[in-house]
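Worksheet for the structure shown next.
The values are calculated or read from the model by the stated rules, or taken from the named source; none is laboratory data. What you see is a predicted model, and the numbers here were worked out from it, not measured in a lab. Note that we place each Cβ from the backbone using ideal geometry, even for glycine, and neighbour counts take in every protein chain shown. Keep in mind that these areas ignore ligands, DNA and RNA; they rest on the heavy atoms of the full protein, side chains included. Shrake-Rupley method; radii C 1.70, N 1.55, O 1.52, S 1.80 Å.
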Amino acid sequence: MSPTIDVTPLAEAYAGKSPQDILKLAFDLFGDDLWISFSGAEDVVLLDMAWKLNKNVRVFTLDTGRLHSETYRFIERVRDHYKIPIQIMTPDPKLLEPLVNEKGLFSFYRDGHGECCGIRKIEPLRRKLATVRAWATGQRRDQSPGTRSQVAVLEIDNAFSTPDNTLYKFNPLAQMTSEEVWAYIRMLEIPFNSLHERGFISIGCEPCTRPVLPNQHEREGRWWWEEATQKECGLHAGNLIARE
């Protein structure tokens with residue numbers, strides 16, 4: 001493995017490649033230093049593709065402490081289906097306890113979700129990514145056209161790189177559509193969150209997620225009390241929450 005990688009030509013060369021080709025590149029470059037981020041429908045497709053290339057694929061997920069019970073069961077079904085460990089990252093109690101003690105359990109309805117997501121999602125993710133060289137996500141360009149339309153298949157993760165560690169990020173499903181994701185899930189009969197059968201498309205924490213109506217975009221089911229430009233939690237460098 002090379003200590004540094006010239007991302008731009010690789011991203012251009014693989015822009016039109018299949019997700020499997022992009023994942024193969026990721027494993028060729030990073031091997032066991034590549035981690036798969038897992039939470040939703042896109043991620044189980046990504047995991048399925050990665051597992052077929054490497055049965056020892058490394059996987060982690062974020063447990064915010066506010067997930068639906070169906071999501072916890074989904075994580076366990078995936079663990080059992082692929083017979084792999086899933087590392088679960090949880091919030092730091094030293095940060096979480098002051099928030100809920102001072103502001104209660106639903107301060108995000110008043111103050112916006114940035115502070116809560118920062119503690120429950122971003123800090124555990126930053127802690128995890130500080131220990132790895134590369135990660136792969138299920139981000140798709142059509143998930144949120146306003147913030148994810150330019151997602152690259154390979155990039156340097158400027159949000160979570162450190163002076164001592166350049167972090168590389170793969171988005172193998174960038175070009176897939178929601179329809180293609182679900183065709184893959186149905187065709188191969190892989191596990192999915194049962195909430196999808198009740199109108200949930202984009203699934204996050206229980207207080208911040210609701211079903212969407214016909215013809216609504218999937219992100220309309222997330223943080224519905226906020227402006228569309230705010231509908232990110234800051235996990236991805238290119239779609240950080242707007243602060244203006």
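For LEU23, are the conditions met, namely being under 29 Å from GLY204 (Cα atoms), of a type in the set (A, V, I, L, M), in contact with a helix residue (DSSP H, G or I) (Cβ under 6 Å, 6 or more places away or on another chain) and at pLDDT 95 or above? Break it down into steps so the answer makes sense when it comes.
Values: under 29 Å from GLY204 (Cα atoms): yes; of a type in the set (A, V, I, L, M): yes; in contact with a helix residue (DSSP H, G or I) (Cβ under 6 Å, 6 or more places away or on another chain): yes; at pLDDT 95 or above: yes.
So LEU23 fits the description; yes.
Taken over segment 31-53, the residue count meeting the criterion of being within 21 Å of SER69 (Cβ to Cβ) and in a strand (DSSP E or B) is 0. For segment 57-79, the criterion of a residue being touching a residue at least 24 places away in the same chain (Cβ under 8 Å), over 24 Å from GLU218 (Cβ atoms) and among the basic types (Lys, Arg) is satisfied by at least one position.
The rows are residues; the columns are (1) within 18 Å of the chain's Cα centre (by Cα); (2) of a type in the set (Gly, Ala, Ser); (3) surrounded by 16 or more Cβ atoms within 10 Å (Cβ to Cβ).
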residue	(1), (2), (3)
SER37	yes, yes, yes
ALA41	yes, yes, yes
ASN54	no, no, yes
VAL57	yes, no, yes
GLY65	yes, yes, no
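In segment 197-223, of all residues being under 27 Å from ALA152 (Cα atoms) and at pLDDT below 80, the one that is most open to solvent (accessible area, probe 1.4 Å) corresponds to ASN215.
Looking only at segment 62-79, decide whether some residue is out of contact with any Cys (no Cβ under 9 Å at 6 or more places or on another chain) and not in a helix (DSSP H, G or I). Yes, that holds for at least one residue. Scan segment 163-174 and report the pairs whose first residue is polar (S, T, N, Q) and whose second residue is outside any strand (DSSP E or B), with Cβ atoms within less than 6 Å and a gap of 6+ or a chain change. What qualifies is ASN171/THR137; ASN171/GLN139; ASN171/VAL151; ASN171/VAL153.
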